[in-house]
Amino acid sequence: MSLLCSLYTNPSRQIDVLREFIRQSDERQVIVNWIKNAVSNIAKRIQSLTGSSHVNVMGVGSGSGEVDGVILNELLTTYTTIYNRVIEPCHVQTDVYKTLVNNCHDFCKVHFDFRQQTSDQYLQSRHHDDRRRFDVIHMIQVLYYVTDIEDTILQFYHRHLNAGGVIIIIHISGQQTAWLRFNKEYKDKLPVFMHDNSTSYDIEGALDKHQLPYGVPPITITCPHHLGHELRSPL
């Protein structure tokens, strides 16, 4: 049997499949609702600490921007201006994102900085004179694609996160065993990039190992289940 076709190398098809999945599942809406509540609380907490009317945001693996839009709209209820750096390797997704930006009047208060890179490429290529740090960094279902989850989290935490800032991570729950069974049984037929059995347990293990403070508000979705992590930087 031949390998299953990889959507990773076919962005247009990937978008079509994602849209159909969203239509069939409540995942996107449940995640959006969770994010609205989480970001609202995070924004108020950070604003109370800094007293600033401006916030720096980074989206890692932002895709076509729909979830970023929810985050930015929620932040705009607390902040008057936003700097938003977008790390996304797929130009097709980025083009959709830019169209979304152009069609939203409120985003005139947001400065967008698009970087067409993977998170690994971004971390390796960041210029030493780029000293900007971020109050909110979000990684929504993206850590499946990085080379080393632990190293990726640590680099963003120590090199990019402001004091008092928060990293939001959404990843498949360690309690969701169906995907793990599928991955194990069909591993030889899956594209190489999908040979990833990582779950929220791996993320929590890395955070515990390095004694980084975090919270784990659960996200209940019909299929599959995910966990949202809030990784907080002390002042």
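Among the conditions (1) open to solvent by less than 50 Å² (accessible area, probe 1.4 Å); (2) within 17 Å of Ile170 (Cα to Cα); (3) in a helix (DSSP H, G or I), the only one that Val92 does not satisfy is (2).
Yes/no per residue for (1) closer than 13 Å to Ala43 by Cβ; (2) touching a residue at least 24 places away in the same chain (Cβ under 8 Å); (3) more than 20 Å from the chain's Cα centre (by Cα):
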| site | (1), (2), (3) |
| --- | --- |
| Glu74 | yes, yes, no |
| Thr80 | yes, yes, yes |
| Cys108 | no, no, yes |
| Phe112 | no, yes, no |
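Restricting attention to segment 95-113 and to residues that are open to solvent by 60 Å² or more (accessible area, probe 1.4 Å) and not in a helix (DSSP H, G or I), the residue that is farthest from Leu72 (Cα to Cα) turns out to be Asn103.
Yes/no per residue for (1) within 19 Å of the chain's Cα centre (by Cα); (2) more than 16 Å from Val86 (Cβ to Cβ); (3) not basic (Lys, Arg):
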residue	(1), (2), (3)
Lys98	yes, no, no
Asn102	no, no, yes
Thr118	yes, no, yes
Ser125	no, no, yes
Arg131	no, yes, no
His138	yes, no, yes
Val142	yes, no, yes
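The rows are residues; the columns are (1) at pLDDT 90 or above; (2) under 18 Å from the mean Cα position of the chain (by Cα); (3) small (Gly, Ala, Ser).
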residue: Phe134; (1), (2), (3): yes, yes, no
residue: Thr147; (1), (2), (3): no, yes, no
residue: Leu161; (1), (2), (3): yes, yes, no
residue: Ile168; (1), (2), (3): yes, yes, no
residue: Ile172; (1), (2), (3): no, yes, no
residue: Val192; (1), (2), (3): no, no, no
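The single condition among (1) surrounded by fewer than 14 Cβ atoms within 10 Å (Cβ to Cβ); (2) without any contact (Cβ under 8 Å) to a residue 40 or more places away in the chain; (3) not acidic (Asp, Glu) that Arg132 does not meet is (2). Do any residues in segment 82-106 that are of a type in the set (Ser, Thr, Tyr) have Cβ atoms under 8 Å from those of residues that are open to solvent by 50 Å² or more (accessible area, probe 1.4 Å), where the two are at least six apart or on different chains, and which pairs are they? Pairs found: Tyr83/His54; Tyr83/His111; Tyr83/Arg132; Thr94/Phe114; Thr94/Gln116; Tyr97/Phe114. Candidates Ile137, Ile82: the one that is in a strand (DSSP E or B), touching a His at 6+ places or on another chain (Cβ under 9 Å) and farther than 12 Å from Gly59 by Cα is Ile82.
Only one of Ser48, Ser40 is part of a helix (DSSP H, G or I) and in contact with an Asp or Glu (Cβ under 9 Å, 6 or more places away or on another chain); which?
On the way: Ser48 fails: in contact with an Asp or Glu (Cβ under 9 Å, 6 or more places away or on another chain).
It is Ser40.
The values are calculated or read from the model by the stated rules, or taken from the named source; none is laboratory data. All of these numbers come straight from a predicted model, not from anything done at the bench. As a convention, Cβ positions derive from the backbone with ideal geometry for all residues, glycine included, and neighbour counts pool all protein chains shown. We work out accessible area using only protein heavy atoms, side chains counted, and drop any ligands, DNA or RNA first. Shrake-Rupley method; radii C 1.70, N 1.55, O 1.52, S 1.80 Å.
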